[in-house]
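For reference, the structure discussed in these notes is given below.
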Amino acid sequence: MSKMYYGFLDESGILEKKAKEGRHFVVSVVVVGNPAELKDIVKLSKRRVRGKFKTHAIFHAYKENEGFVKVVLDELAKRNIGIIVGVWDKRKKKPRVSKDVLYGKLVAQTAKLTLKVYPKLNLVLHKRYNDTEIINQINNELGNIVKSGQALFVDHKPETVRRELELADAVAWAVFQKYSRRREEFYKIIKGKIKKESRLAT
């Protein structure tokens with residue numbers, strides 16, 4: 001029987017095609033065999049910087065000082081993790097679906113990539129929506145990707161409940177910088193942990 005892995009999914013960028021908001025939308029999953037492996041990474045990072053940077057109670061990479069984001073990524077890269085990345089280029093042909101449906105499809109594609117590496121997965125998604133209908137639509141998309149020999153368990157939680165999501169946010173932001181800002185210094189910190197990195201289709 002396959003080992004159970006735990007994945008934490010978040011995204012960076014916006015789905016709308018706006019010039020100032022970057023050309024890509026990034027979905028990332030941080031996968032670990034034991035969630036305790038991710039415990040206290042942000043707290044440890046705060047101790048490392050010793051007040052050098054202003055930090056927030058809840059970590060969001062776009063709000064934090066870039067020096068602090070690098071420390072968080074460095075601590076994450078020391079752990080026994082894997083990273084799966086899906087990247088959608090917004091310059092491609094615009095899909096004829098709502099952005100909520102589009103989000104579900106992009107998440108499902110990234111989860112499908114993840115299952116190829118980790119066939120038994122407990123996946124926690126950053127809770128982007130409160131609408132039950134949208135959540136069910138996303139879950140249906142995810143249910144459709146599971147193949148024989150795979151198992152996928154899905155939950156939607158805010159980062160205040162599952163702090164591991166802060167790390168998926170950091171990774172998604174780092175990858176977003178590479179694709180939309182042509183800045184690779186953040187990406188290079190976690191590059192060695194990336195198991196799959198693929199373009200997403202719509």
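No value in this document is a laboratory result; all are computed from the given coordinates. These figures come from a predicted structure and were not determined experimentally. Positions of Cβ are backbone-derived with ideal geometry, glycine not excepted, and every protein chain shown enters the neighbour counts.
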Just to check your reading of the model, which residue among Lys99, Lys63 is out of contact with any helix residue (DSSP H, G or I) (no Cβ under 6 Å at 6 or more places or on another chain), under 23 Å from Gly143 (Cβ atoms) and either surrounded by fewer than 18 Cβ atoms within 10 Å (Cβ to Cβ) or among the aliphatic types (A, V, I, L, M) (or both)? Lys99
Name the residue that is nearest to the chain's Cα centre (by Cα), counting only residues in the range 25-77 that are assigned to a loop (DSSP other than H, G, I, E, B) and closer than 30 Å to Gln109 by Cα. His60
A careful count of residues in the range 6-58 that are farther than 22 Å from Lys193 by Cα, hydrophobic (A, V, I, L, M, F, W, C) and surrounded by 12 or more Cβ atoms within 10 Å (Cβ to Cβ) gives 5
Quick check on my filter: what residues within the range 131-183 are touching a strand residue (DSSP E or B) at 6+ places or on another chain (Cβ under 9 Å), of a type in the set (Asp, Glu) and without any contact (Cβ under 8 Å) to a residue 40 or more places away in the chain? Asp155
Checklist (1) over 20 Å from Tyr6 (Cβ atoms); (2) surrounded by 22 or more Cβ atoms within 10 Å (Cβ to Cβ); (3) not hydroxyl-bearing (Ser, Thr, Tyr) applied to Leu167, failing item: (1)
